[in-house]
1. For LEU198, work out the one condition from (1) buried (at least 21 other Cβ atoms within 10 Å of the Cβ); (2) touching a residue at least 60 places away in the same chain (Cβ under 8 Å); (3) within 23 Å of the chain's Cα centre (by Cα) it doesn't fulfil.
2. Can you tell me which residue in the stretch 90-125 is farthest from ligand 1 (Cβ to nearest atom), limited to those that are β-branched (Val, Ile, Thr) and within 22 Å of ILE188 (Cβ to Cβ)?
3. TYR182: surrounded by fewer than 18 Cβ atoms within 10 Å (Cβ to Cβ), hydroxyl-bearing (Ser, Thr, Tyr) and either away from ligand 1 (no atom under 13 Å from the Cβ) or not in a helix (DSSP H, G or I) (or both), yes or no?
4. Could you tell me which numbered condition TRP90 fails, if it satisfies all but one of (1) more than 19 Å from the chain's Cα centre (by Cα); (2) buried (at least 22 other Cβ atoms within 10 Å of the Cβ); (3) among the aromatic types (Phe, Trp, Tyr)?
5. What are the pairs, 6+ residues apart or on separate chains, where a residue within the stretch 395-419 that is farther than 13 Å from ASN33 by Cα has its Cβ under 7 Å from a residue that is away from ligand 3 (no atom under 16 Å from the Cβ) and charged (D, E, K, R)?
6. Of everything in the stretch 278-301 that's part of a helix (DSSP H, G or I) and without any contact (Cβ under 8 Å) to a residue 40 or more places away in the chain, which residue is surrounded by the fewest Cβ atoms within 10 Å (Cβ to Cβ)?
7. Condition first: buried (at least 20 other Cβ atoms within 10 Å of the Cβ) and away from ligand 3 (no atom under 13 Å from the Cβ). Now tell me which residues in the stretch 315-326 satisfy that.
8. Please state which of the following conditions VAL218 fails to meet, knowing it meets all the rest: (1) away from ligand 2 (no atom under 16 Å from the Cβ); (2) in contact (Cβ under 8 Å) with a residue 60 or more places away in the chain; (3) touching a Phe, Trp or Tyr at 6+ places or on another chain (Cβ under 9 Å).
Amino acid sequence: MEYRSQRIAHWYFRIALVLFVLQVMMGLWLAYNYTFTVPQEIVDVFPFATARAIHTNLLVLWMLLGFMGGTYYIVPEETGSEVYSPNLAWLQLIALVATGVIAIIGFLFGWTKGRPLLEIPPPLNYVVVIGALIFLFNIGMTMFKAKRWTVIQGVLLGGLVFLALLYLFGIPFYKNEVIDWYYWWWVIHLWVEGAWELVTGAIMAFVLLKLTGVERRVVEKWLYVEIGLFLFTGIAGTGHHYYWIGAPKYWLWIGGVFSALEPLPILLMVIDTMHHVKHRQTQIINPHTWTLAVGCAIFHFIGAGIWGFAHTLPQINYYTHGSQVTVSHGHLAFFGAYALLNLTVFYFAIPKLKGIEVYQPTRAKLGFWTMCSAMMLMGLTFGIAGVLQSYLERVLGMGYMTAQGHMRLWMGITLVLGVFFLAGVVVTVFDLLFMKPAVRRAE
Ligand code: HEM
Ligand code: HEM
Ligand SMILES: [Fe+2]
């Protein structure tokens, strides 16, 4: 750690890690609901939709905290200066965490806007907006005052501003359902397939630069190509959500063609990362951090690129839309791209924040491989349940609940795999929170 104010990042990371564990525990409860019949008295006080809202909102919250912490860690090094106001960074952290806690308690009492993933009701939305404005102001001022611009900084700031602007489209409620869903996707799709990809590109470029010592010029050249392609395919690719919501027919073509191209920039990211493996200039001190970065690139490609492509053409999506095939892709993509990205940043930054030069990688490796294998298998079991569901409901015309009976086995296996996944998460989180330096071998 070179700058004092980078320390703020540590608290963003710590809170994100605790929320990650809670998020996954709630995932297990959801899978339990699909596998067993929950007594009505429990459903009355804690319905599936509430648990789902907690699972997904915790997901978004911990990942955003991770991105913000990552930004507070990276920007001082890129600008060569301290964060503009550490106090604002604390204020913003407290505001966001308090909002998260109030939102979750609110969900338990039915205080929700109802739209999936964006359940937070308007008064709290405004606190989130204020938090985001403080964050952007703080980061922007740090960059402007330092007057040392890099491409990484530019892409990071651009991605974060884009991310914050899109959030605004999810706040109003439109009485017309078509319009309401139309803008809902501006947040959901343009976040994960637009703004978040820019943030990922910038953060990954920074980590690769620092880990490998590859020339900045080379890293930045790739960054331009990737973000250009991400924006080009991702924005028009929004159409893959407009097939069946009542939007005009031309979206079938636009959505199909452009979203089919979306795996391309993700593949470029894999090639780019591998390119750096070959041409690295320095010895990598903590090779496990490097395993995470490569793992993230590959899992990102599998979950978002391959699994996304599999159901993005209207001819296929007609059958799989809104089934467990979607859930399978949602898990593999979110985990591969954004959970692993955050973990890469945590494993890169936390040792430095703790003043540990070389960390003991045993637990980290165990956690990583347990999580990755369990999640890959969960992607498959969700996927099998989804293909079954598509066939039973959309080809045979079977009713929703009758089809569920046939899918139960696969949801049950998902539940068991989920226990292993949670174990991997607990090992990883424990390792990050209580990291120890590696014991030196006898000289
Ligand atoms: C890291 C990037 C990505 C993440 C995190 C992600 C995540 C998700 C999630 C959570 C959903 C479900 C939304 C809902 O209905 O509740 C979804 C839907 C979808 N995604 Fe992705 N996705 C990513 C990239 C992609 C890519 C690159 C493609 C195409 C190549 C794609 C194609 C789709 C399609 C077609 C749907 C709609 C499925 C349906 O009709 O039910 N996704 N994605
Ligand atoms: C023990 C691990 C987990 C289990 C058992 C689990 C289970 C579930 C279940 C059953 C659902 C509801 C699907 C539905 O509404 O039909 C769900 C939703 C979701 N989960 Fe998980 N989950 C786990 C971990 C995770 C992780 C680690 C992530 C992200 C990194 C994640 C992201 C999501 C998302 C994005 C949705 C919404 C999907 C959609 O709208 O299609 N989950 N989860
Ligand atoms: Fe999408």
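1. (2)
2. Going through the qualifying residues, I end up with THR99.
3. no
4. (2)
5. Sorted first by the residue in the stretch 395-419, then by its partner, the pairs are TYR400/GLU393; ALA403/GLU393.
6. Checked the stretch 278-301; the qualifying residue surrounded by the fewest Cβ atoms within 10 Å (Cβ to Cβ) is LYS278.
7. Hits for the stretch 315-326 are THR320, SER323, GLN324, VAL325.
8. In the conditions (1) away from ligand 2 (no atom under 16 Å from the Cβ); (2) in contact (Cβ under 8 Å) with a residue 60 or more places away in the chain; (3) touching a Phe, Trp or Tyr at 6+ places or on another chain (Cβ under 9 Å), VAL218 misses (3) alone.
The values are calculated or read from the model by the stated rules, or taken from the named source; none is laboratory data. Note that the structure is a prediction, hence the values are computed from the model and not measured. A quick note on method: Cβ atoms are made from the backbone with ideal geometry, for glycine too, and the neighbour counts reach across all protein chains shown.
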